[in-house]
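What follows is one structure encoded as C-alpha cells, with my remarks underneath.
Throughout, read-outs are computed from the coordinates displayed, never taken from laboratory work. Here the structure is a predicted model, which means the values were calculated and not measured. Cβ coordinates were reconstructed from backbone atoms using ideal geometry, including for glycine residues, and neighbour counts include every protein chain displayed.
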C-alpha cells in the first residue's frame with residue numbers, strides 16, 4: 001500500500017473512532033519517558049547551565065527515539081507481511097491525529113452552554129484548557145473554546161499531517177514527542193525555566209510553519225462557511241498575529257478572531273494566579289456560544305483542507 005493510502009485511512013479512522021481510551025496511545029508512553037528521564041537527569045543543586053544541557057539531552061533523545069523506534073517498528077512489521085506493515089503504520093498514523101477528539105470535546109462544552117448547564121460546561125472545558133475554569137461566565141467559556149480550538153487545530157491536526165506528508169509517520173511521531181515535551185516541561189516557571197527551555201524552543205520551531213498554514217486554512221475556510229468572514233480573517237491575522245507571547249499560537253487565533261469577528265485574549269487565571277494576554281481583534285465584540293460553535297465547524301473544514309493538501313504534498317514528496 002502507498003503512504004498516501006495509509007495517511008487517508010488513518011485520517012478516516014481518526015474521524016470515525018477519535019481517540020478511544022482503550023487504545024494504547026504512544027503519547028502515554030512518551031509522557032512516561034519524559035517523567036522517567038527527568039528523574040534520571042535532574043539532581044538537586046544543578047546550575048542553570050547544567051539544567052539547560054540535561055533538558056536538551058532529554059528533549060533530543062526522546063524525539064530521536066520516537067523517530068527511530070517508529071521507523072524500526074514499521075520496517076519490522078513490513079518484513080512480516082505487507083498487511084502487517086500497512087496495519088501497523090496506519091494505526092501509528094492514526095494516533096498522531098486529533099480531529100475527532102478536538103471536535104467532540106469542544107462540542108460537548110458548547111452543547112452544555114446551549115443547555116444552560118454552565119457548571120458542566122466549566123468541568124468539560126477544564127479537560128481541554130490549562131486555565132482555571134470554575135468562575136468563567138458563558139462569554140469567557142466561549143472565548144476559551146475558540147482559542148483552544150484554533151491552537152489545537154494547528155498542534156493536533158495540521159502539524160502532524162504536515163510532518164507525515166514530508167517525512168512519513170516516524171517524523172509525525174517525533175513531532176508528537178516534541179509537542180508532548182513542551183506541554184510537560186516547556187513552562188517558563190521556576191521549576192522548568194531552564195530544564196524545559198530547549199523543549200519549548202524546539203516546539204516553537206516545529207510549529208512555526210504549521211501554525212501559519214493553519215491560519216491560512218482558517219482564512220480559506222472562512223470564505224466557504226456561511227457567517228464567517230475571510231476578509232476579516234486575513235486582515236486580523238496580518239495585524240494581530242504577532243501580538244501573542246507565543247510566536248505561533250497567535251497565528252491561528254488571530255485568523256479565527258477575524259473569521260468570527262470576536263475579541264480574544266485578555267485575563268486568564270492559572271492555579272489562582274492572573275495572567276494577561278494581549279487582546280486580539282480588539283475592535284470586535286466578546287464571543288458567544290454560537291460563535292464558539294462556528295469555530296468548531298471552521299476547524300473541521302481546516303482539518304479536511306489540511307488532509308487533502310497533505311495527501312497532495314505526500315505524492316510530490318515520493
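State whether one or more residues within the range 71-79 are touching a residue at least 40 places away in the same chain (Cβ under 8 Å) and within 30 Å of residue 139 (Cβ to Cβ). So that I can check it myself, show each step before the final result.
First pass over the range 71-79, keeping only residues touching a residue at least 40 places away in the same chain (Cβ under 8 Å): 71, 74.
Still in the list and also within 30 Å of residue 139 (Cβ to Cβ): none.
No, that holds for no residue.
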Q: Out of the residues in the range 284-313 that are farther than 21 Å from residue 214 by Cα and in contact with a helix residue (DSSP H, G or I) (Cβ under 9 Å, 6 or more places away or on another chain), state the one that is surrounded by the fewest Cβ atoms within 10 Å (Cβ to Cβ).
A: 290
Q: Answer yes or no as to whether residue 44 is without any contact (Cβ under 8 Å) to a residue 60 or more places away in the chain and within 22 Å of residue 159 (Cα to Cα).
A: no
Q: State whether the residues of the range 222-229 include one that is within 30 Å of residue 48 (Cα to Cα) and buried (at least 17 other Cβ atoms within 10 Å of the Cβ).
A: no
Q | Residue satisfying condition, being touching a residue at least 24 places away in the same chain (Cβ under 8 Å) and in contact with a helix residue (DSSP H, G or I) (Cβ under 9 Å, 6 or more places away or on another chain), within set 223, 262 | A | 262
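For the range 189-207, how many residues are farther than 15 Å from residue 248 by Cβ and surrounded by fewer than 20 Cβ atoms within 10 Å (Cβ to Cβ)?
First, pick out the residues of the range 189-207 that are farther than 15 Å from residue 248 by Cβ: 189-198.
Of the ones still in play, those that are also surrounded by fewer than 20 Cβ atoms within 10 Å (Cβ to Cβ) are 189-194.
The qualifying residues number 6.
Kindly indicate the residue of the range 244-283 that is surrounded by fewer than 18 Cβ atoms within 10 Å (Cβ to Cβ) and part of a loop (DSSP other than H, G, I, E, B) and also farthest from the chain's Cα centre (by Cα) among those meeting that condition. Quick ask: steps written out before the conclusion?
The first filter runs over the range 244-283 and keeps only residues surrounded by fewer than 18 Cβ atoms within 10 Å (Cβ to Cβ), leaving 245-247, 266-267, 269-276, 278-279, 282-283.
Pick out the ones that are also part of a loop (DSSP other than H, G, I, E, B) and you get 245-247, 271-272, 282-283.
Details: 245: 17, 246: 14, 247: 14, 271: 22, 272: 25, 282: 25, 283: 27 Å.
Only one residue tops the list, namely 283.
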(Q) It is to be established whether one or more residues within the range 126-135 are touching a residue at least 12 places away in the same chain (Cβ under 8 Å), part of a helix (DSSP H, G or I) and surrounded by 18 or more Cβ atoms within 10 Å (Cβ to Cβ). (A) no
Q: May I ask you to say which residue of 206, 199, 215 is under 16 Å from residue 306 (Cα atoms) and touching a helix residue (DSSP H, G or I) at 6+ places or on another chain (Cβ under 7 Å)?
A: 215
